[in-house]
């Protein structure tokens, strides 16, 4: 069988597709897998690193700005979509795809639309409670629409083809042992705090962590700290941290890097993770059972990150801080309090595990197999 996965733009779209592809390859080692993603985006790094072939197409998002510049951008984006659909049709024919699976991102619309035009079975997975633009545009043409939350079904007109499957995560998030992870990372006896705010990074949150580093120094480095700046943060944050005199080479326990490629291992080793509240991040945290402080982005459609975070908070699985309240001093105080409260940390870890759909990737593979058999 020949399966195409299409995704792109952020790790939240790419990593779930890789998780499913890994299970699929394990089940059907003789099958062929191809990824279709956007040019000059994160998938160009993550997909080949995972061992899969990637075909890229030009893709950009639609602007919600109704100015002349916004209108011109949308005309260019529409022209790109037409060219991308044409390119995807050619790839799908040559690859002889049996099914095309989309997990979000602008590139996935072109591939899913092209597949539906060619009569190739399709399914789209929506990670957020509210459907994103790509899902809304393709839902009518897709054979199956897969969602994470039961309450999401109401947002689709044809509920019969919608199925709740949870969020696929790589098995490493579920099964990596804390002791093994800490040993592999060379950690000392101090607790580990991990902070990461998406593949691109969030300036406000990088600023908060920047202010937190000197506080850690003043406290005598009571915990180890691994921070991922994201691609944008990496352009300015190392210089700013250097001005504070806080070493980030690991010598005092603080390590700063652009992106954490071994996140399952790092998350398993962590005692607290500070994160945004995208659906993928929330589910990876839940799968690992890592106590967390979630700071939802205020700059997303329908405020879906706060909805995700509040859902975990309601079950006792997370502590939520709004970005407007997240000063370095307050963040340091909440991290310290959580590290000291062993009972709360254990209860939070148990609640996280309970919320995660551990076999989500396997469920997707079952659905893909059914579609491919058509």
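The values are calculated or read from the model by the stated rules, or taken from the named source; none is laboratory data. Keep in mind that what you see is a predicted model, and the values were worked out from it rather than measured. Every residue, glycine as well, gets a Cβ built from its backbone with ideal geometry; the counts of neighbours run over all protein chains shown.
Structural remarks
- Scanning the stretch 121-153 for residues that are in contact (Cβ under 8 Å) with a residue 24 or more places away in the chain and in contact with a strand residue (DSSP E or B) (Cβ under 6 Å, 6 or more places away or on another chain) yields a count of 11.
- Test: residue in the stretch 158-168 that is at pLDDT 90 or above and assigned to a helix (DSSP H, G or I): yes
- Flag for residue 255 being closer than 24 Å to residue 50 by Cβ and in a strand (DSSP E or B): yes
- Residues that are part of a loop (DSSP other than H, G, I, E, B) and either touching a helix residue (DSSP H, G or I) at 6+ places or on another chain (Cβ under 8 Å) or touching a residue at least 40 places away in the same chain (Cβ under 8 Å) (or both) within the stretch 322-353 comprise 322, 326, 327, listed in sequence order.
- Extreme residue, surrounded by the most Cβ atoms within 10 Å (Cβ to Cβ), among residues of the stretch 354-374 that are in contact with a helix residue (DSSP H, G or I) (Cβ under 7 Å, 6 or more places away or on another chain) and in a helix (DSSP H, G or I): 364
- When the stretch 213-235 is limited to residues that are closer than 27 Å to residue 41 by Cβ and loosely packed, with under 15 Cβ neighbours inside 10 Å, the one that is farthest from the chain's Cα centre (by Cα) turns out to be 235.
- Of 363, 310, all but one fail to be assigned by TED's automatic domain parsing to the domain that holds residue 126 and over 30 Å from residue 219 (Cα atoms); the exception is 363.
- Enumeration of residues in the stretch 299-320 that are under 15 Å from the mean Cα position of the chain (by Cα) and in contact (Cβ under 8 Å) with a residue 24 or more places away in the chain: 304, 305, 308, 309
- Boolean, residue 85 is closer than 21 Å to residue 162 by Cα, touching a helix residue (DSSP H, G or I) at 6+ places or on another chain (Cβ under 9 Å) and in the same structural domain as residue 18 (by TED's automatic domain parsing): no
- Selection from the stretch 177-203 of residues that are in contact (Cβ under 8 Å) with a residue 40 or more places away in the chain, in a loop (DSSP other than H, G, I, E, B) and either more than 21 Å from the chain's Cα centre (by Cα) or surrounded by fewer than 20 Cβ atoms within 10 Å (Cβ to Cβ) (or both): 177, 187, 188, 190, 191, 200
- Residue in the stretch 117-150 that is modelled with the highest pLDDT, counting only those that are farther than 18 Å from residue 368 by Cα and part of a helix (DSSP H, G or I): 117
- Of all residues in the stretch 222-244, exactly one satisfies the criterion of being part of a loop (DSSP other than H, G, I, E, B), more than 22 Å from residue 187 (Cβ to Cβ) and touching a residue at least 12 places away in the same chain (Cβ under 8 Å), namely 234.
- Filter result (touching a helix residue (DSSP H, G or I) at 6+ places or on another chain (Cβ under 7 Å) and over 22 Å from residue 105 (Cβ atoms)) within the stretch 14-30: 27
- Qualifying residue in the stretch 278-298 (condition: without any contact (Cβ under 8 Å) to a residue 40 or more places away in the chain, buried (at least 20 other Cβ atoms within 10 Å of the Cβ), in a strand (DSSP E or B) and in contact with a helix residue (DSSP H, G or I) (Cβ under 9 Å, 6 or more places away or on another chain)): yes
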